[in-house]
């Protein structure tokens with residue numbers, strides 16, 4: 001194969017691994033157990049779980065698991081072939097690998113800055129932000145509060161739905177807490193979702209049948225059990241706020257929290273960069289306009 005074609009092949013392989021994050025998901029040391037193997041590269045259950053979690057709210061379906069394993073096998077085969085052809089020594093490939101390493105290290109440091117310093121916005125900060133920016137917090141789409149859980153058992157989903165339909169308003173929150181803890185695949189997420197108002201358009205992007213059902217529900221209604229992506233879903237619309245409503249702190253708290261976290265991160269990033277800049281200037285390490 002001519003060098004130019006070899007280089008193009010490696011760039012394609014490199015791009016695939018960059019996009020999917022699978023390049024680092026093999027091990028040359030034989031683990032005690034593994035899900036898949038290609039030569040001396042092993043995909044462990046721990047690494048597979050980590051890859052699946054990155055897919056979103058429905059990462060552990062049988063179909064998704066099979067697709068990720070097959071993709072890992074295909075890309076590991078390509079990676080091994082690129083190594084066999086010694087493509088890592090091509091000048092352009094070396095440049096790309098060096099850039100990737102640099103970008104990865106910068107991203108790792110940035111994330112470490114956030115992890116080491118970041119604090120959750122206080123209730124006072126959230127309230128102050130709302131009071132100062134209320135006129136700019138107009139709803140751009142309906143906000144909803146829902147109760148939703150997913151389970152692999154249709155019988156469990158039907159049992160949850162029956163209890164929700166029969167529940168009285170005064171006791172439904174405590175009933176939901178018990179149901180989500182017992183039946184939900186992710187109890188914490190199910191409880192957190194039921195406590196917040198969120199933009200309707202941001203919910204269930206990867207669950208089209210659930211999203212479509214939400215669009216036609218009226219307040220208080222419980223949808224029929226929905227089968228979507230090899231799971232059974234229970235969905236109740238608690239309340240829907242139209243986009244022309246005046247914003248209230250209760251509805252906007254999640255959005256304000258997100259904005260404040262972004263602001264805090266930008267401030268932390270700027271402070272750390274300035275600290276490094278000052279130190280470098282003091283050591284005469286910077287020459288720039």
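To the nearest ten degrees, helix 154-166 and the longest principal axis of the Cα atoms of the chain are 40 degrees apart.
Between Rg and the Kirkwood Rh of the range 76-183, both from Cα atoms, what is the Rg to Rh ratio?
Numbers: Rg = 26.0 Å, Rh = 20.8 Å.
For the range 76-183, the value is 1.25.
In this simple spin-label model, placing a label point 7 Å from the Cα along the Cα-to-Cβ direction at both residue 154 and residue 127 gives a separation of 5.0 nm.
Which FRET efficiency value, to the nearest 0.05, is calculated for residue 74 and residue 227 with the Förster distance at 30 angstrom and r the Cβ-Cβ distance? Could you put the intermediate results ahead of the total?
Values: r = 30 Å, r/R0 = 0.98.
Calculated value: 0.55.
Determine one quarter of the surface area of the Cα convex hull of the chain, which equals its mean projected area, and express it in nm² to one decimal. Walk me through the numbers on the way to the answer.
On the way: hull surface 90.7 nm².
Over all viewing directions, the chain projects a mean Cα-hull area of 22.7 nm².
Each part reduced to its alpha carbon centroid, the range 93-157 and the range 250-289 end up 16 Å apart.
Normalised by 2.2 N^0.38 Å, where N is the number of residues, the alpha-carbon radius of gyration of the range 162-289 equals 1.61.
Overall, the ratio between the Cα radius of gyration of the range 139-215 and 2.2 N^0.38 Å, rounded to two decimals, is 1.11. Report the residue, chosen from 65, 161, 275, that carries the largest GNM mean-square fluctuation when the chain is represented by alpha-carbon nodes joined by springs under 10 Å. Between 65, 161, 275, it is 275 that shows the largest mean-square fluctuation. Note on residue 218 and residue 286: the model spin-label points, each 7 Å out from Cα along the C-beta direction, lie 6.3 nm apart.
Read-outs: derived from the displayed coordinates by stated rules, not from any lab. Quick caveat, the model's predicted, so the values are computed rather than measured. Ideal geometry is used to build each Cβ from the backbone, glycine not excepted, and the neighbour counts take in all protein chains shown.
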